[in-house]
1. Can you run the Rg to Rh ratio on region 126-167? Use alpha carbon positions and the Kirkwood inverse-distance Rh.
2. Show me the chymotrypsin sites (Phe, Trp or Tyr not before Pro) within region 116-148 that DSSP assigns to loop and that have at most 14 other Cβ atoms within 10 Å of their Cβ.
3. Please say if region 9-111 is rounded, prolate or oblate, where rounded means a/c under 1.5 for a ≥ b ≥ c the square roots of the C-alpha gyration tensor eigenvalues, and otherwise the choice is prolate for a/b larger than b/c and oblate otherwise?
4. Sorted from fewest to most neighbouring beta carbons within 10 Å, what does the list Val95, Val72 look like?
5. So how much slack lies between Leu79 and Ile36, counting 0.36 nm per residue of separation and subtracting their Cα-Cα distance, in nm?
6. Be a star and scan region 12-30 for residues whose amide nitrogen sits under 11 Å from the point 7 Å along the Cα-to-Cβ vector of Ser112.
7. Give me, ordered by chain and number, the residues 5 or more places off Leu13 or on other chains with an amide H under 5 Å from its own placed amide H.
8. For region 48-157, what log10 I(q)/I(0) values come out of the Debye formula at q = 0.20 1/Å, with one point per alpha carbon and no solvent?
Amino acid sequence: MAYFNANSILNRLDPRFKIVATVVLIVMTFFASTWIVLGMLLIFVASLVLLARIPVLYCLKKLISPAILILVMLALQVLIAPYEGAVWHGVLVFVRLMIVITGAIVLTSTTSQMEFILSLESFLKPVEKIGFKTGAIKLAFRMIQRFVPSLLEEANKILKAQASRGLDIKGASIWMKMRLIGALLLPVLVIAIKRADDLSNVVAVRGYVLNQQRTNYQTLKRVKR
């Protein structure tokens, strides 16, 4: 998901509040049993999209693929195991999932990766007070934030290099695509191992100690000015 650094109230809110609010929205959506409540939640998330200044076309493009997948799965369910009210139940499930996905789009579009990491670390602080060590979990969050995007970028470069050499991935058969995935995973795995080795050396040189109290350059605030 893209992060829109727009000057909106949702961008300036505390990311911890946005994460908790999104979880509450998901719970309310799945426990809602009437169309009136679902309609109100649908209007609410649509208002959040406008309030966050997220381009409507961008949001619709993100909803197309999951919407098609959900519709196909619901259609198969109705055909394979039909029962009275199956269609209405399928529509109910579809609306619920669209609300949840739209809420997730709003969250990820108004919250940066760093804010996500700082929020998750903040949620772990109460656990630390009872003696549970969370240093490894925090380090894993940091590594995911730093290296997953770079690995995806490397994979994209490899795909472009293969395409420039005449390899037609889009027109290949399903079996050929499976072989191409294997050929893609091997260099990405080698890159990941090399970067992990370099990272371990850097961490050792800088004297990083697991579970030691650390400070952050960026801190969380309830409302950013």
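1. Reported Rg/Rh (Cα atoms, Kirkwood Rh): 1.42.
2. Of the chymotrypsin sites (Phe, Trp or Tyr not before Pro), the ones in loops of region 116-148 whose Cβ has at most 14 other Cβ atoms within 10 Å are Phe132.
3. prolate
4. Going from sparsest to densest Cβ surroundings: Val72, Val95.
5. Length gained, Leu79 through Ile36: 12.7 nm.
6. none
7. Those lying under 5 Å, H to H, from Leu13 are Lys224.
8. After summing over all Cα pairs, the log10 values are -1.05.
Laboratory data are not the source of any read-out in this text; all were calculated from the coordinates shown. Computed from a predicted structure; not experimentally measured. Backbone-built Cβ (ideal geometry, glycine too); neighbour counts: all protein chains shown.
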